[in-house]
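Below is one structure, written out as structure tokens; the observations come after it.
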Amino acid sequence: MTNIKARNSFSIKMPGLQKLLSYHGEWLRGDVLAGLTVAAYLIPQCMAYGELAGVQPVAGLWAILPPMIIYAIFGSSPQLSIGPESSTAVMTAVAIAPLAAARSDTYIGLAALLAIIMGLVCIAGYLAQLGFLADLLSKPVLIGYMAGIALIMIGGQLGKIGKIEIEANAFFGQISEFMSKLSLAHTPTLILGIAVLVFLFAFQRRFANAPIPLIAVLLSTAAVAIFNLRESGVAVVGEIPAGLPQFAMPQLSVKDITSLVAAAVGISIVGYSDNVLTARAFANRNNYKIEANQELLALGLANFGNGLMQGFPVSSSGSRTVIGDSLGSKSQLYSLVAMVAVIIVLLFFRPVLALFPKAALGAIVIYAATKLIEVSEFIRLYRFRPSEFILAIATTIAVLGTDILVGVGIAVSLSVIELFYRVARPHDAVLGKVPDLEGLHDIDDWEGAKTIPGLVMYRYDAPLCFANAEDFKQRSLLAIEKEIIDVEWFVLSMEANVEIDITAIDILSELRDELVANNITFAIARVKQDLYLDLKRAGFLNNFQAEHIYPTLHSAIVAFEQRKY
């Protein structure tokens, strides 16, 4: 039995393939439309990311083909679009630049090797079951992260819709530079970009189920051809190189491998953070679940396979995912449709997309990015708990003000600090009886609620640990001090104290001894078995009468009323 469990725990699951095998026919229209539109978007985008990574632009197109197939089989998100994206592309260029002076076969080999090492790092993380780290990403972090990514996407496209050279890389710098150079904008390009934006916002709201972004692509391309906008200076995608990737094992030295390991780990952290955050955000929006650890495996296999096909490190694309989502993508079939479309374009129809204006591309990205900023969710967080609203805003600012990895790290740290604060200073309650209401309730919550004279029943709503032990003791004593009639019994209801550490047990002993010294009987009720065993192992029960441990609060009240000492 043990061997069977061990094999099962490390078995390779294929959730994407399972979903494709159980495909629903009603998904087909949305998946096909989403796939075609994403293909029209990703071709110029991925070529640009290839350039950004330091390889030939055509390598950016090659780098979408193996990952799309692999993720469609092993990925747990039916909507995530995987392939080249800006963060991993920039980090790839930074990592390889010191090892290769210029683009060459060596540079391509280094990029491929980096992808292979990144793949192995992610696979190792999967085997070590490190996917649980994604659980540190709370809902406010997700909301703030996606808003930050959306604003970064918008900032990166402003130059395209006005044909303005923007040198800044950070969001705030891009906004400032765009505003200062707005007078230098190319008028026909700006008009076209704004027209596409207006078209998208106006018609997508009115015709929610229509493929408006795809129509925008076709209309803007037709406008370039009919009105000869290229001659007016409107930038277009231009010639798309032909060819498909070939299998090639990088032939590099051990020195190259050791030099790239640290970079691969860093890119893996950024890539996985982006991957799981985006996947979880869309899972929350569309009411399904993803498997964080499975995402490590899928990302690892995608990069490993990509490296063997002359690719470079990749992760998920929030912009392509949101475009697919806006057109109704329901499964990874849309990615496979996009992949087939790219292959067909590479082989036969490269001139068709060559007239696609870059301003329209930028407008589609801006439109898609606005869908990631959920203002209603920010308002909901504020109404629920201001601290969680502040956490979401802080995450957005952290992502905008730093690089993505640092921003996520700051956000997670703030989330943990907020959780730690709530554990260190939790809600507590003195329990009493409410007229015409059964049971025992927090006396602060009900008008007319009263404690039983001479008896304090106290509940501390958190696990007891070193962080809150002293606070627990002081608030317990304060509850006794507030009573007008002298307290004879103090009953601690431990239903919420599911965990306890040795520091808290020692404080609990101090509280008991202090109460006993003041002629107050200390008792505990509703003690779970695991907690009881912890108290026993720590020696707390050695000097504690068994009759002062009660299964229910009612039995403790009965004992108090009968004064069984």
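A few points about this structure:
- Filtering the stretch 186-206 to residues that are more than 23 Å from VAL236 (Cα to Cα) and surrounded by 14 or more Cβ atoms within 10 Å (Cβ to Cβ) leaves PHE203, GLN204.
- Here TYR382 clears all of (1) crowded, with 18+ Cβ neighbours inside 10 Å; (2) touching a helix residue (DSSP H, G or I) at 6+ places or on another chain (Cβ under 6 Å) except the condition numbered (1).
- Some residue of the stretch 529-550 being without any contact (Cβ under 8 Å) to a residue 24 or more places away in the chain and in a loop (DSSP other than H, G, I, E, B): yes
- Any hit, the stretch 43-62, residues being in contact with a Cys (Cβ under 8 Å, 6 or more places away or on another chain) and either closer than 20 Å to GLY300 by Cβ or among the charged types (D, E, K, R) (or both): no
- In the stretch 459-479, the residue that is farthest from PHE522 (Cα to Cα) out of those that are among the aliphatic types (A, V, I, L, M) and crowded, with 17+ Cβ neighbours inside 10 Å is ALA467.
- Qualifying residue in the stretch 163-183 (condition: touching a residue at least 60 places away in the same chain (Cβ under 8 Å) and touching a His at 6+ places or on another chain (Cβ under 9 Å)): yes
- Test: residue in the stretch 466-476 that is in a strand (DSSP E or B) and at pLDDT 95 or above: no
- The condition of being under 18 Å from MET153 (Cβ atoms), among the basic types (Lys, Arg) and modelled with pLDDT of 85 or more holds for only one of ARG380, ARG385, ARG425, ARG320, that being ARG320.
- Filtered residue count, the stretch 429-458, keeping only those that are surrounded by 11 or more Cβ atoms within 10 Å (Cβ to Cβ) and assigned to a strand (DSSP E or B): 15
- For ALA523: the one exception among (1) more than 16 Å from ARG425 (Cα to Cα); (2) touching a helix residue (DSSP H, G or I) at 6+ places or on another chain (Cβ under 6 Å); (3) part of a helix (DSSP H, G or I): (3)
- The residue of the stretch 1-40 that is modelled with the highest pLDDT, among those that are surrounded by 10 or more Cβ atoms within 10 Å (Cβ to Cβ) and among the hydroxyl-bearing types (Ser, Thr, Tyr), is TYR23.
Okay, residues lined up against (1) more than 18 Å from ASN518 (Cα to Cα); (2) of a type in the set (D, E, K, R); (3) assigned by TED's automatic domain parsing to the domain that holds MET91:
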| site | (1), (2), (3) |
| --- | --- |
| LEU437 | yes, no, no |
| PRO453 | no, no, no |
| ILE480 | no, no, no |
| ASP486 | no, yes, no |
| PHE490 | no, no, no |
| GLU495 | yes, yes, no |
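- Consider the stretch 148-191 and keep the residues that are touching a Ser or Thr at 6+ places or on another chain (Cβ under 6 Å) and modelled with pLDDT under 90. The one that is nearest to ILE417 (Cα to Cα) is GLY148.
- Note on the stretch 68-95: residues that are part of a helix (DSSP H, G or I) and either at pLDDT 95 or above or of a type in the set (Phe, Trp, Tyr) (or both) total 7.
- ALA147 vs. criteria surrounded by fewer than 21 Cβ atoms within 10 Å (Cβ to Cβ) and not polar (S, T, N, Q): no
- Scan the stretch 115-144 for residues that are within 18 Å of ILE267 (Cβ to Cβ), buried (at least 24 other Cβ atoms within 10 Å of the Cβ) and small (Gly, Ala, Ser) and the total you get is 2.
Listed here are the residues, each with its yes/no results for (1) within 27 Å of GLY300 (Cβ to Cβ); (2) of a type in the set (S, T, N, Q).
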| site | (1), (2) |
| --- | --- |
| ALA115 | yes, no |
| GLY125 | yes, no |
| LEU137 | yes, no |
| ILE149 | yes, no |
| GLY155 | no, no |
| GLU165 | no, no |
| THR189 | no, yes |
| PHE207 | no, no |
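- Boolean, ALA517 is surrounded by fewer than 17 Cβ atoms within 10 Å (Cβ to Cβ), out of contact with any strand residue (DSSP E or B) (no Cβ under 7 Å at 6 or more places or on another chain) and of a type outside the set (Val, Ile, Thr): yes
- Of the residues making up the stretch 431-481, those that are touching a residue at least 24 places away in the same chain (Cβ under 8 Å) and acidic (Asp, Glu) number 3.
The values are calculated or read from the model by the stated rules, or taken from the named source; none is laboratory data. Worth saying up front: this structure is predicted, and the values here are computed from it rather than measured. Cβ sites come from the backbone with ideal geometry, for glycine too, and all protein chains shown count toward neighbours.
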